[in-house]
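Notes follow the structure.
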Amino acid sequence: MKKILLTAGALLAWTGCAVAGAGGSVVSIPAEDYKAILERLDTLQKRVDQMEKAESPSGKASTAAMPSKLAKDVENIYDTLDKVETKSLKDRINLGAELRTRVDSFRLKDDVSVDHNDNFWTNRFRLNLDSEIQKNLLFTGRLTAYKNFANTGTDSTVDANQAHVLGSSSIKLDRAYVDWIPEGMPFPLALTFGRHPSSEGPPSELKENRLRQSTYPSLLFDGEADGVVATVGLERYLGWKNSGIRFAYGKGYQDSGNTSYLDDPTHQYEDINVYAMFFETEIPGVRDSLLVLSALQATDINSTMAMGAEKIGNMSLYGAHVQANNVADSGFDLFLSTGLNKTDPNGNATGGLGLLNSDGTSEHTGWSVYTGLRYNVPYKPWNNPKVGFEYNHGSEYWASFTWGASELYNKLATRGDAYDLYYIQPFNDNLFGRLGYTRINYDHGGSGGLFGEPGDSNASLDNVYFLLDCRF
């Protein structure tokens, strides 16, 4: 005991600080806490010295001289240190959480079957983390568990939607990235690396009743993605607020074989590489607006998805997104997104599954348009509720990378027409409810897929849902 107290006292006296967290990170203790700890240690040390003098007839320290109060005092001092350590951790990492409970009533109909469920319940939990490591070094992370009620579920085998489709109650890495702004550069530059903020992009924040969550417009890409992004700020050169250009590189798939050995012969598939460029700015003269122009190419789309063909080709995506909030102080938020995709097949098709073809060689172009509005009702007794409507249409060969959509359906991948009406009711600053109805008419099959001829379809989906979302 004496040795422990002396060691703790020496450490505090020498450093004036405590060691907190992994790696021995040094964090400062407020002066009053530091002084209180030293005084407590000094008092405890004197009591230990006194007890060691109170020896029994046998010459050994009497166990009776070890009162329970001392043990309690020692426990208190460690509680104090734990509180200091916890506070220091909170000072460095901001934590937040979200819990969403949702019930859906859907009916999916086609020529041969009807699938319906009028009582489908789900839970989604998220843990949000962020930290200003240094002035020019920022970390952001999010962990997610998303599951059905009373069902252990099966996790997705697709990495791009692990955290956004229903699975087990296990925790998934939704996003984890660092923004680094190097000092002394001749032009404004930021580097982002890790698991990107690439899900729930504009205009998803309108329906989700929150601030913008992603770099990329959701019509082209919605899901988890790993990669590196370089952003060059252009505001000083163009004079346009929040303008910049981004260059991104990531992996749609990376073959690791069945082992971690690089020379293992089971490494047989080509990696899917993704290259992208985005220009972004606030629209000159339009307050609280956004314009994003996007270009993206995925190369060597391969048999990890297409059942046997090693490589089936490349696909390019182009998009434009325009958005303005509270237009002319009217309370209306408006947006318009467009997308264009073009395939470059390489001749491979296994079982009639080529890149949007059945022969392996036919090239196709698809397109989509996505538009909508939200009205912010200026009625304070009801906490200013919101009403929104969205519409999107996709052509026969429309294809994008929206596999991480968090609905039970991939609305933005629709080859046909989708109508979406919703009402948001805030109850307080941390809790809101959303009631919505979605209708989708599928003119062509395979919505959301990249393989085979789409073909005609007369399927339809009707879905009514209600959710409660708590964030704190």
Problem - Sole residue being in a loop (DSSP other than H, G, I, E, B), in the same structural domain as G455 (by TED's automatic domain parsing) and out of contact with any Ser or Thr (no Cβ under 6 Å at 6 or more places or on another chain), chosen from V274, V286 - result: V286
Problem - Segments classed as strands (runs of 3 or more DSSP E), wholly inside the range 126-226, with at least 1 members that are in contact with a Pro (Cβ under 7 Å, 6 or more places away or on another chain), aliphatic (A, V, I, L, M) and closer than 25 Å to V322 by Cα - result: 189-195
Practice task
Inspect all residues belonging to the range 340-353 and state whether any of them is within 23 Å of L435 (Cα to Cα), touching a residue at least 12 places away in the same chain (Cβ under 8 Å) and either assigned to a loop (DSSP other than H, G, I, E, B) or in contact with a strand residue (DSSP E or B) (Cβ under 8 Å, 6 or more places away or on another chain) (or both).
Solution key: no
Problem - Flag if A190 is within 23 Å of A160 (Cα to Cα), crowded, with 17+ Cβ neighbours inside 10 Å, modelled with pLDDT of 95 or more and of a type in the set (A, V, I, L, M, F, W, C) - result: no
Practice task
Select from the range 234-262 the residues that are surrounded by fewer than 17 Cβ atoms within 10 Å (Cβ to Cβ), at pLDDT 90 or above and of a type outside the set (F, W, Y) and list them in ascending order.
Solution key: E235, R236, L238, G239, K241, N242, I245
Problem - Flag if Y437 is under 24 Å from E205 (Cα atoms) and either in contact (Cβ under 8 Å) with a residue 24 or more places away in the chain or touching a Gly at 6+ places or on another chain (Cβ under 6 Å) (or both) - result: yes
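The values are calculated or read from the model by the stated rules, or taken from the named source; none is laboratory data. For clarity, every value in this text was computed on a predicted model and none was experimentally measured. All Cβ positions, even for glycine, are placed from backbone atoms using ideal geometry, and neighbour counts span all protein chains on display.
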